[in-house]
Structures are given as C-alpha cells and as structure tokens.
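The values are calculated or read from the model by the stated rules, or taken from the named source; none is laboratory data. Predicted, not measured: the structure shown is a model, and the values here were computed from it. FYI the Cβ positions are ideal-geometry reconstructions off the backbone, even for glycines, and counts take in every protein chain you see.
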Amino acid sequence: MTMSHSGAEEPKAITGKTVLAWLLGFFGVVFTVNGVFLYMALGSFPGVAVESSYKAGQAYNQDIAASQAQVARGWTVETLVRRSGENAAEISVTALDQDGTPLTGLVFSADLRHPTYEGFDRTAQLVETGPGQYRGTVADVNDGNWNLALDARSGPKRVFRSQNRVFLAQ
C-alpha cells in the first residue's frame, strides 16, 4: 500500500544552531532595550540632589533654626500657580503676618524645578503689586508636575521658604 502526502511538509528538526540563534536573538533584544533605558535614565536625571553633601551637612543646624524662626513668625503665605498664556505660568503670592497685616517690602523668588530634568528648571523674581501681594511670570513651562521652591528675603536675610508640588495643565 502506498501512502500519499497531501502536500504537508515535514516539520524541521530543532538543531543546536537554531536554539543558539534564538537565545542570541532573545538576549540581544533584552540588552538593546536595557541599553536604551539606561541611556535615557542617565541622560535625564543627573542623580545629584545637592552639590556638596558636606556643605549641606554643615548648614543643617542653621536650616533648622531658620525653620523654627519662620514658624514662630506665624506668617500666612498663600501661593497660586496658574497658566497665563501658552507655556507660561503666573505665580501669585499673598503674604500676611500673624495679625493678618499685609507683609510689604519683601523680595520673593520662585523656582519651578522639574522633578527629573534640571534643564527644564525656571526661576522668577516676584514683584510687589500691592500690599502683601507679589506676582511673577515664568515662561516656557511644560505641562505636568513641578516642585515650587518659594523664598522671601528681607534685605540679605532669608525670612521665608516653602517647597510644594504643583501641577500645571493647559
């Protein structure tokens, strides 16, 4: 009796060369993707929180004393960050002392810091627009999460500092 084949091909045998090619291809893809991720991670975040840990440690007690003095003043400082035009943000600050009297004559500066890439960081000097009212604009700010560092100075002395997370959307 003769068997006829219906045109189906015999399956290829898996050889050592086939297994080697599949393994090399798999690990080649894994290493390539990991390399791309590593390049992007190192290129977007420098990994530096402070330039000198030693100097930051030296100023630690002074920072604690400044923070305690800030709390003792009892000031109320309200900050509003909102869009003002395309890719710009307006920062408004209302500053009152513990009795509710507007604080005048301060010099406020605001740093919008991108959480992952220093190249996007922006700084604004706020101008006093009325008693206890300060306002400034930051240009070229993308949508997303930002860290807002707000400082106030009276002469050469920093008298107020706050750090908050803000979200900007169009």
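Observations on the structure shown:
- When the test is whether a residue is at pLDDT 90 or above, within 29 Å of GLY43 (Cβ to Cβ), assigned to a strand (DSSP E or B) and not β-branched (Val, Ile, Thr), PHE167 passes it.
- Taking first residues from region 134-160 that are on the phi > 0 side of the Ramachandran plot and partners that are in a strand (DSSP E or B), the Cβ contacts under 9 Å between residues at least 6 apart in sequence or on separate chains come to ASP140/ARG122; GLY144/PHE167; GLY144/LEU168; GLY155/VAL107.
- Test result for GLU118, surrounded by fewer than 10 Cβ atoms within 10 Å (Cβ to Cβ) and out of contact with any strand residue (DSSP E or B) (no Cβ under 8 Å at 6 or more places or on another chain): no
Condition check ((1) over 23 Å from ARG165 (Cα atoms); (2) within 18 Å of the chain's Cα centre (by Cα); (3) outside any loop (DSSP other than H, G, I, E, B); (4) of a type outside the set (S, T, N, Q)) across all residues:
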site	(1), (2), (3), (4)
ALA41	no, yes, yes, yes
GLU51	no, yes, no, yes
TYR54	yes, no, yes, yes
ASN61	yes, no, yes, no
ALA66	no, no, yes, yes
GLU86	no, no, no, yes
THR94	no, no, yes, no
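- Of everything in region 1-51 that is modelled with pLDDT of 80 or more and among the hydroxyl-bearing types (Ser, Thr, Tyr), the residue that is farthest from ASN147 (Cα to Cα) is THR15.
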